[in-house]
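Notes for the one structure printed next.
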Amino acid sequence: MLKPKVEFQLKKGNTMTEPSPRRLRSQRRFPMGVTTLAACGSSNSVDESKGKVYYLNFKPEAADQWKAIAETYTKETGVQVTIETAASGTYEQTLKSEMAKDQAPTLFQVNGPVGYARWKDYCDDMSDTAVYKQLEDSSVALTDGDEIVGVPYVLESYGIIYNKELLNKYFELSDSSIKSVDDINSFKALKTVADGIQKHKDDLGVKGAFTSAGFDSSSDWRFKTQLAGVPLYYEFKADGITEQPATITGSTLQNFKDIFDLYITDSTVEPTQLSSKTGDDANSEFAFGDAVFYQNGTWAWTDLSNAGVESDNVGMLPIYVGGDGEENQGLTTGSENYWCINSKASDLDKQATKDFLEWMITSDDGKNALASEMGFSTPFKTFSDMKTENPLIDAYCESLKAGKDTVPWTYTMIPSEQWKNDLGSALLEYAQGTGSWDAVKTAYVDGWATEYAAANEG
């Protein structure tokens with residue numbers, strides 16, 4: 001089944017939003033202002049006629065692995081590969097500095113459409129590259145018109161994680177009208193099941209259908225960013241929006257309200273307690289079997305596994321909000337890590353870079369480095385023989401094989417971090433009964449226009 005291709009094209013002048021708190025956790029152990037530079041291959045082993053590769057890496061946690069695999073590639077091919085890794089929080093600054101040099105990176109990263117807007121003059125068309133042609137789902141590529149300007153090498157999905165044992169226990173109840181997880185394919189069906197679980201929580205031995213919706217910085221991004229992105233997707237889809245708009249209408253805000261109301265009504269805690277709950281609380285509630293559902297993503301498996309959750313007892317559903325055609329909706333999937341080839345590099349170095357990327361996703365050494373040593377969930381067909389121990393990644397693969405429509409990360413079009421923060425505050429006030437949904441609407445619609453204008457002044 002052909003999937004509709006959503007193109008994200010942005011106007012210049014936008015600002016890059018901050019990375020998610022979950023990603024910062026892994027990066028904070030690296031000192032600010034420190035970079036790792038590895039020029040791999042000695043002068044007597046490098047064949048300069050084959051061109052060279054210079055990769056500016058975004059992920060400090062993978063610096064050593066990239067250095068090692070670059071050395072392997074140089075030894076095998078004679079092509080010099082230089083790896084520089086920007087320190088935590090310094091990537092944009094480092095990229096700007098390195099691009100100004102005579103020997104600029106031939107390969108670099110952007111975080112999505114907003115990052116691309118800054119560097120579009122340096123992004124070559126990657127339509128003819130193996131990394132694009134080997135994508136399992138070509139719709140996840142970063143596009144500008146007919147050009148492929150970025151290819152994700154790390155792919156992540158989020159949705160509603162569920163406890164299989166507890167959910168099956170609910171299906172076995174005499175008054176449950178839905179008897180299979182396959183029949184949970186709409187907001188109506190999800191609400192029916194969640195309300196039923198909440199009604200029978202004592203019988204099922206749980207505290208609620210959903211984990212608590214915590215609103216500190218370790219948890220609020222799940223709602224002000226990721227949950228908000230789903231109704232935003234349906235608004236953009238209905239209106240044919242393919243580039244960051246200056247304004248939004250909020251036409252799907254009722255959908256947002258419906259799913260959020262479900263989260264806070266069918267919860268493990270009373271709404272008045274939400275302000276004190278954290279991401280760790282939600283993780284623990286799910287791990288201990290206090291809740292059946294937990295909105296999070298593929299990255300959550302490490303914490304769940306460490307808490308004792310068995311891999312064969314979890315699955316992941318799409319976040320259903322009542323959108324048009326959601327019966328065939330898949331998981332919300334995207335990336336903040338897109339490879340881009342420097343259009344200003346020489347043709348020889350461009351080809352060397354393309355060859356290096358192809359080797360990374362086809363050779364045993366390259367594939368092992370990405371999937372096993374770096375621990376990335378990769379979006380390429382060539383990794384079909386690589387087994388993952390993450391059941392949430394398996395859920396994405398199953399959704400893809402079933403022909404479900406992948407929902408892109410529309411929240412990468414959000415105009416600023418302030419928009420997220422203001423929306424999060426309004427959601428918390430609404431959840432605990434100290435604010436109205438009108439305030440949420442104001443933060444969502446009016447806040448977008450304000451922040452877009454601020455990001456694009458001049």
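We did not get these values from a lab; they are worked out from the coordinates using the rules stated. These figures come from a predicted structure and were not determined experimentally. We place every Cβ from the backbone using ideal geometry, glycine too, and count neighbours over all the protein chains shown.
Table for the structure above
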| item | result |
| --- | --- |
| Only Lys, Arg (+1) and Asp, Glu (-1) charged, at Cβ; the stretch 221-289 dipole about Cα centre in debye | 140 |
| Loop-resident sites, the stretch 74-176, for GluC sites (Glu not before Pro), counting at most 16 other Cβ within 10 Å (DSSP) | E172 |
| Vicinal HN-Hα couplings computed from phi for the stretch 160-174 (Karplus, 6.51 cos²θ - 1.76 cosθ + 1.60; Hz; Gly/Pro x) | 10, 6, 10, 8, 4, 4, 5, 5, 5, 4, 5, 4, 7, 5, 5 |
| Structure-derived mean projected area of the Cα convex hull in nm²: which label, when the choices are [x] 43.3; [y] 26.2; [z] 21.4 | [z] |
| Nonlocal amide H pairs with S218, under 5 Å, H built at 1.01 Å | G279 |
| Nearest-ten-degree value, helix 391-401 long axis tilted from longest Cα axis of the chain | 80 |
| Spatial separation of Cα centroids for the stretch 236-305 and the stretch 410-458, in angstrom | 16 |
| Amide proton proximity set for Q295, modelled H, under 5 Å, gap of 5+ | I161, T211 |
| Those trypsin sites (Lys or Arg not before Pro) in the stretch 80-139 that DSSP places in a loop and that have at most 16 other beta carbons within 10 Å | K101 |
| Relative contact order of the chain, defined on C-alpha pairs under 8 angstrom at six or more residues apart (%) | 24 |
| Charge-dipole axis of the chain as Lys and Arg at +1 and Asp and Glu at -1 on Cβ define it, positive-most pick from L166, F58, T252 | F58 |
| Loop sites in the stretch 249-326: GluC sites (Glu not before Pro), DSSP, at most 15 other Cβ within 10 Å | E310 |
| Relative contact order of the stretch 45-111, defined on C-alpha pairs under 8 angstrom at six or more residues apart (%) | 45 |
| The stretch 162-290 - percent relative contact order, Cα under 8 Å, separation 6 or more | 35 |
| Length gained when the stretch D47-E389 is fully extended (0.36 nm per residue, less Cα-Cα span) | 119.2 nm |
| Stretch gain in nm, segment K96-A453, where the contour uses 0.36 nm per residue and the Cα spacing is subtracted | 126.1 nm |
| Electrostatic dipole magnitude of the stretch 104-247 [Cβ: Lys, Arg +1; Asp, Glu -1; Cα centre; debye, to 20] | 700 |
| Cα-based convex hull, the stretch 393-433, per residue volume (Å³, whole number) | 117 |
| Order of T406, T362 under a 10 Å beta carbon neighbour criterion, fewest first | T362, T406 |
| Among T388, Y430, T410 - extreme Cα towards positive end, dipole of the stretch 314-458, charges at beta-carbon | T388 |
| Unit charges on C-beta of K, R, D, E only; dipole of the chain, Debye | 440 |
| Degrees between helix 63-77 axis and first principal axis of the chain (Cα, 0 to 90, nearest 10) | 40 |
| The stretch 440-450 - phi-based ³J(HN,Hα) in whole Hz, Karplus 6.51/-1.76/1.60, Gly and Pro as x | 5, 4, 4, 5, 6, 7, 5, x, 4, 4, 5 |
| Residue-wise HN-Hα coupling along the stretch 345-353, computed from phi with Karplus coefficients 6.51, -1.76, 1.60 (Hz; x: Gly, Pro) | 5, 5, 4, 5, 6, 4, 5, 4, 5 |
